[in-house]
Amino acid sequence: MSVRNVTAESAPVRWLLISAAIGVLGLFLLLPLAAVFVEALRKGWEVFLASLHDEAALSAVKLTLMAALVSVPLNTLFGISAAWAITKFRFKGRSLLLALIDLPFAVSPVIAGLVFVLLFGAKGWFGPWLSEHDIKIIFAFPGIIIATIFITFPFVARELIPLMESQGSDQEEAAVTLGARGWQIFWRVTLPNIKWGLLYGVLLCNARAMGEFGAVSVVSGHIRGKTNTLPLHIEVLYNEYQFSAAFACATLLALLALFTLGIKSVVEQLSGHSSSAKH
Amino acid sequence: MSKRRVIPGFGMSLGFSITWLSLIILIPLAALFIKAAGLGWEEWRELLGSPQVIAAAKLTFGASAAAATVSAVLGLLVTWVLVRYEFPGRRLLDAMIDLPFALPTAVAGITLCAIYAPNGWLGEILASLGIQAAYNWLGVFIALTFIGFPFVVRTLQPVMADMGKEIEEAAATLGAGRWTVFRRVVFPLLVPALITGFTLAFARAIGEYGSVIFISGNLPMKTEILPHLIIIQLEQYNYEAAAAIATGMLVVSFSLLFLINLLQRRIDWQNR
Amino acid sequence: MKAPKLLFLSSILATLVIIASCGGKSGSEKSIELLNVSYDPTREFYVDVNRVFAADWKKQTGQELTIQQSHGGSGKQARSVIDGLEADVVTLALAGDIDVLESEAKLLPKDWQTKLPDNSSPYTSTIVFVVRKGNPKGVKDWGDLVNPGVGVITPNPKTSGGARWNYLAAWAWADKEFAKDESKVLDYMKRLFKNVPVLDTGARGSTTTFAQRGIGDVFLSWENEAYLIEKEFPGKTEIIYPSISILAEPPVAVVEKNAKKHGTYEVSEAYLKFLYTDEAQILAGNHFYRPRNPEIAKQFVDKLPALPLVTIDADFGGWATAQKNHFADGGTFDRIYQR
C-alpha cells in the first residue's frame, strides 16, 4: 500500500502505545513470571526435574488434569447454550440471568468451598444420606470436580455473550429464511463466527480450572498423593520449605498458559484465519 | 421488548442454562442463605455493623474498585496494541495475559510478595522511595489488579478483533482525525465489552482470597479483607456468622453486577 | 429437537453418576489404610513415624499398612474432620481442636484425653523466640518485645493454633510481671501487637515472612519449628529462650466413630500407642519435639533445655475457657485491636 493507511496511527503514536503496553505487561505479568522461574531454578535443574518427577507431584498433576477434563466440557456446553439464549432472544429476566451467570466470579473461593460443605458435609443437607449410602463427595474426587465447575462456571458464557451480542442475529435470521434447521444454523452459521471467542473461553476456563486453589482447598481434605491437586501440592511443598520444588510445580501451571497459546496459534494457522493484526 | 422469535432453540438453550445454573449455582447458594438465616436479626446487625467488618468491607470494595478501574484502562491499551499492531514478541505477550488465571492464587500471592516485599525485586526500590508496597493497602491493590487484569483483555479482545475497519475508514474518509475516530467511533463500540471486563475484574477482586492474604498482612481493622473474616468465623465453628458475612458480600456484589448489566443493556440499545 | 434435549439431560445425568460412583472405600484383609489428620509442623516427624510403624505392623500382623497424611492449619483440619473428612486418628496442635470433634460432631468420647498417658500428648513443645543472627535488637525476654522499633512476627491467633500458644505464653509472662493486674496485662498485649507488622494465617506463613522476606526482628515460634528454621535457613537466625513460656501439648486421639466404621480401631490405637515407645520418642526428639519419657528427654536436654513453663489447664482453666476469654469474638484479642 502506497497510500497512508487511514485506519492506522502514525508511527510515533504506534510505538508509544506499544512500549506503554509492553511496560504494563512487563511490570504486571513478565516480572511475576520471571520470578516464578528464577525461584524454581534457584537450586538448579536437578532439583527442578526431581520435584516434577516426585510421586506426589505426578498424582497431583493427574488429579488436576482429570478435574479439568470433566469440568471444562460441561461448562462449555453450558456457555454455548446460555449465550445462545441470551443473545438471540429477548425475554423477561434476561438481565437477571446474565447477572446470575457472573455470580461465581463474585463468590469468593472461600465461600464456594463453604457452600459445598454446607450441602455435602457430614452435617450438611445431604451429609447424613450420603454417609448412609457410603457415597463420598466432599474430601474426595467428586467434591473437587464440583468446586472446579462452580469456579469456572461463567468463563465460556462470559466470553461468548459480548461477541455474539456484537455480531447480532442477522445471519441466523437469514439462514432461517432460507430454510435451515436449528442445529444446522448453529454448526454452519453461528459456530464459525464464534469459534475464536469460544476457543478463548475454553482456554480460560481450562486455565482457571487447573489453577483453582481456594475452593478446592476447602473441599479436598489435603490427603497427600490422593486428593491434592497441583495448586494444593504447591502449597504443601511451600509449607515444607521446599521453595524451589514449589515454584517448579508452579512453572507447570505457568507453562500451561503459554502452551494454550501454542494451540491457539496452530489452530489459527491451520484454518487460515488470523484473529490478530490485519495490516 | 418482545421480538418475534424466528431463531429456533429458545426453549432448549434457556432450559438447559437454567437447569445447570440451578444445580451448580443456585441450590448451593440457597444453602448459604438458609444457613445465614439461622442468625437472628439482631445478631445480623451486630455482626455486619461491627467495626472490624466495616473496615474490612471498605478495604475490600475500595481496593477492588480501584484495581478494576486501573485494569480497565491498562487493559484497553494492551488489547489495542495486541490486536492492532504487529511487533516482535506479540504472540508471547498475548499468551502471558492468561498467566494470572493459570497461576494458583496462592502462588500469585507468594510471587507478588517476593517481588514487592521490602527485600523483594521491586519492593527494595519502592522502599528506598519511602513506599511500602507489601503488607498494606497498596499490596492488596497490586494483587487485585494482577488477578483482574486478564478479564478486561480477554473480554475486549474478541470484540476488537472482530470489529471491521469499514466504519473507521468511512469516518476517516469523512475527514475525522485518528483520535476523533477512536473516541467517536471505535470506543463506543468497545464500551459494552469494556464494562463487562470491568465488572468481571471487580467482582472477582471482591472475592479474592488466596493471593491477597500473603501480601496484605491481615492486620485487624487495617489490612483485613472480608473473605479473611469469613475464615476467622469458620475457625470458631461459627458457620452461621461465616454464612452471614458471605451472604452480605454476595448481596452487594450481585446488586453491583445486576446494575452494571442493566447499564450495559441501555448502552447497547442506544448503539443500535 | 428431542434428541439434542435428551443429549443434554443425559450428559448431566452421566456426570452425576460418574461423580457419585467415585466414592466408596475399599478395604481388604491383606492391606489396610489409615488416615492421620494432623497440623502443619508435624509433616516431617510423621513421615518417619509412619515408615517405622508400618514396618512393625507388617511384622506383627502381616498386613500391608498405608498411612495417609493430611496436613494444614490445626483448626482448619479439625473442621474438615467435623465436616466429613474420615480421619482415623487426629494429631492436632491443641486439645481444643479435638474437643470440638466431640462437641460439634460426637466423633469421639468426651473423655478422649484420658485414653492415653500424659493428657494424650506423647510429645510436647514450647514457644521460643527466633531472632536475627547476633540478636541486633537485644531481645532477651517478653518485656523486650514491646520496645519501640522491635518488629514481632506471629501468626493470627484467630486462625492459627501455634499463635494461640504464643499469645497465651506472652499473657502468662505479663500476668506474672504485673501481678495479675488485668488492665496492665492488656496494655502490654496491646503494645506487643502494635509491634506486629504482619499477621499471617498460619505458623509456616509467618516463618516465610520472617526468614524469607526479612520482615521483623523476633519471631514467636514453636520450639521445633525454630530448629527447623535454623536448618532451612542456616546461619541467619538464632534461638532465644525467654524466662518463662508455656507447655504446649499437641494431643493425639483415635476418631472412634470413623475408625469403627472403617474397621481400623485396633490399628489406630496401636499407632498412637506406638508414639509412646522409646523408638518413637527418640524420633520425636530428633525432630525437636520434647519427648515425654523423662529418660529419653534427658538425651536431648542440650538442645531442648528445661525452663519454667505454665500450663493451659492450671493457668488458663483449660482450652474451652481460654478460647472464650481470649480468642472468641469479643475476647481479649479483639479488644486489643479496638480503640
request  = Would you be so kind as to list the residues of the range B:48-82 that have their accessible area lowered by at least 50 Å² in the full protein complex compared with their chain by itself (1.4 Å probe)?
outcome  = B:Leu77
ask   = Where does each of C:Thr311, C:Thr114 land when they are ordered by accessible area, with a 1.4 Å probe and the largest first?
value = C:Thr114, C:Thr311
task = Could you work out how far helix C:161-177 tilts from the main Cα principal axis of chain C, as a 0 to 90 degree angle to the nearest 10?
result = 30 degrees
query = Once amide H atoms are built 1.01 Å from N in the peptide plane, which residues 5 or more positions from C:Glu64, or in another chain, come under 5 Å H to H?
reply = C:Ser31, C:Ile32
key: Proximal lysines to A:Lys43, defined as alpha-carbon separation beneath 23 angstrom and excluding residues fewer than eight positions away on the same chain   = C:Lys231, C:Lys236
ask   = What are the aspartates and glutamates whose alpha-carbon lies under 12 Å from the alpha-carbon of C:Lys261, with same-chain residues fewer than 8 places away excluded?
value = A:Glu132, A:Asp134, C:Glu86, C:Asp88
ask   = Rank B:Val140, B:Val191 by accessible area, highest first, at a 1.4 Å probe radius?
value = B:Val191, B:Val140
ask   = In terms of Cα to Cα distance under 26 Å, which lysines are near enough to A:Lys92, apart from those fewer than 8 places away along the same chain?
value = B:Lys3, C:Lys2, C:Lys5
ask   = Expressed as a whole number of Å, what is the distance separating the alpha-carbon centroids of the range A:187-230 and the range C:90-126?
value = 40 Å
ask   = GNM on chain A, C-alpha springs below 10 Å: top fluctuator among A:Ala157, A:Ala207, A:Ala99?
value = A:Ala99
note = Relative contact order in percent for the range A:44-278 (Cα pairs under 8 Å, 6+ apart) equals 31 percent
ask   = Which value, in debye to the nearest 20, gives the size of the charge dipole of the protein assembly as shown about its Cα centre, when Lys and Arg are +1 and Asp and Glu are -1 at the Cβ?
value = 3100 debye
Relative contact order, percent, chain C [alpha-carbon distance under 8 Å, six or more residues apart] = 22 percent
inquiry  = I'd like the accessible area for B:Ser64: 1.4 Å probe, protein heavy atoms, all chains in place, Å² to the nearest 10.
reply    = 0 Å²
message = Given Cβ point charges of +1 (Lys, Arg) and -1 (Asp, Glu) and nothing else, what value in debye, to the nearest 20, does the dipole of chain C about its Cα centre take?
response = 1020 debye
query = Got a number for carbon plus sulfur as a percent of chain A's accessible area, 1.4 Å probe?
reply = 67 percent
query = Rounded to a whole number, what % of the accessible area of the range B:40-271 do carbon and sulfur atoms account for, probe 1.4 Å?
reply = 67 percent
ask   = Along the positive direction of the dipole of chain B (beta-carbon charges: Lys, Arg +1; Asp, Glu -1; about the Cα centre), which of B:Pro158, B:Gly197, B:Leu23 reaches farthest?
value = B:Pro158
ask   = Pairing the Cα long axis of helix C:265-274 with the longest principal axis of chain C, what angle in degrees results, from 0 to 90 and rounded to the nearest 10?
value = 30 degrees
Most to least accessible of B:Met249, B:Met12 (protein chains only, probe 1.4 Å) = B:Met12, B:Met249
remark   = Over 18 Å (Cα to Cα) among B:Lys222/C:Lys190; C:Lys110/C:Lys257; C:Lys76/C:Lys110; C:Lys76/C:Lys158; C:Lys106/C:Lys257 -> C:Lys76/C:Lys110
key: For B:Asp98, residues with placed amide H under 5 Å, excluding near neighbours   = none
ask   = In Å, the Kirkwood hydrodynamic radius of the range B:40-271 over pairs of distinct alpha carbons?
value = 19.6 Å
task = Compute, for C:Asp329, the solvent-accessible surface of its heavy atoms (probe 1.4 Å) with the complete set of protein chains present, and express it in square angstrom to the nearest 10.
result = 80 Å²
request  = Using only protein heavy atoms and a 1.4 Å probe, report how much of A:Trp15 is accessible, in Å² to the nearest 10.
outcome  = 130 Å²
ask   = Among bridges DSSP assigns within the protein assembly as shown, what percent are antiparallel (round to 5)?
value = 50 percent
key: ³J(HN,Hα), Karplus 6.51/-1.76/1.60, whole Hz, each residue of the range A:187-200, x for Gly, Pro   = 5, 8, 9, 6, 4, x, 6, 9, 4, 6, x, 4, 4, 3
ask   = Of B:Phe258, B:Phe198, B:Phe149, which has the largest mean-square fluctuation in a 10 Å C-alpha GNM of chain B?
value = B:Phe258
key: Net charge, B:Ile206 excluded, C-beta distance under 15 Å - Lys, Arg +1, Asp, Glu -1   = -1
query = About its Cα centre, how strong a charge dipole does the range A:123-262 have in debye, to the nearest 20, once Lys and Arg get +1 and Asp and Glu get -1 at the Cβ?
reply = 260 debye
note = Here the range A:111-117 yields Karplus 3J(HN,Hα) values (6.51, -1.76, 1.60; θ = phi - 60°; whole Hz; Gly and Pro given as x) of 5, 4, x, 4, 5, 6, 5
ask   = If one puts a single equal scatterer on every Cα of the range A:44-278 and applies the Debye formula without solvent, what log₁₀ I(q)/I(0) results at q = 0.08, 0.12 Å⁻¹?
value = -0.39, -0.79
remark   = Kirkwood-based Rg/Rh on the Cα set of the protein assembly as shown evaluates to 0.99
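Determine the per residue accessible area of the protein assembly as shown with all protein chains present and a 1.4 angstrom probe, expressed in square angstrom.
Accessible area per residue, the protein assembly as shown: 38 Å².
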Estimated buried accessible area (total), pair A and C, 1.4 Å, Å² to nearest 100 = 3000 Å²
request  = For the range C:292-302, take each phi angle, set θ = phi - 60°, evaluate the Karplus expression 6.51 cos²θ - 1.76 cosθ + 1.60, and give the result in whole Hz per residue in order, putting x for glycine and proline.
outcome  = 6, 5, x, 4, 6, 4, 4, 4, 9, 5, 5
query = Once amide H atoms are placed 1.01 Å from N in the peptide plane, what residues at a sequence separation of 5 or more from C:Thr237, or on another chain, have their amide H within under 5 Å of its amide H?
reply = C:Lys133
request  = Please find, in a Gaussian network model of chain C (springs between Cα atoms separated by less than 10 Å), the residue of C:Val52, C:Val37, C:Val81 whose mean-square fluctuation is greatest.
outcome  = C:Val52
remark   = For chain C, the longest principal axis of the Cα atoms and the Cα long axis of helix C:223-232 enclose an angle in degrees, to the nearest 10, of 80 degrees
request  = Can you give me the span-like helices of chain B, meaning DSSP H runs with 15 Å or more of Cα extent along the axis and Kyte-Doolittle mean at or above 0.0?
outcome  = B:10-21, B:51-84, B:105-116, B:137-162, B:187-207, B:239-271
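The values are calculated or read from the model by the stated rules, or taken from the named source; none is laboratory data. Just so it is clear, the structure is predicted and the values come from calculations on it, not from any experiment. Note that we place each Cβ from the backbone using ideal geometry, even for glycine, and neighbour counts take in every protein chain shown. Calculation scope for accessible area: heavy atoms of the full protein, side chains included, ligands and nucleic acids excluded. Shrake-Rupley method; radii C 1.70, N 1.55, O 1.52, S 1.80 Å.
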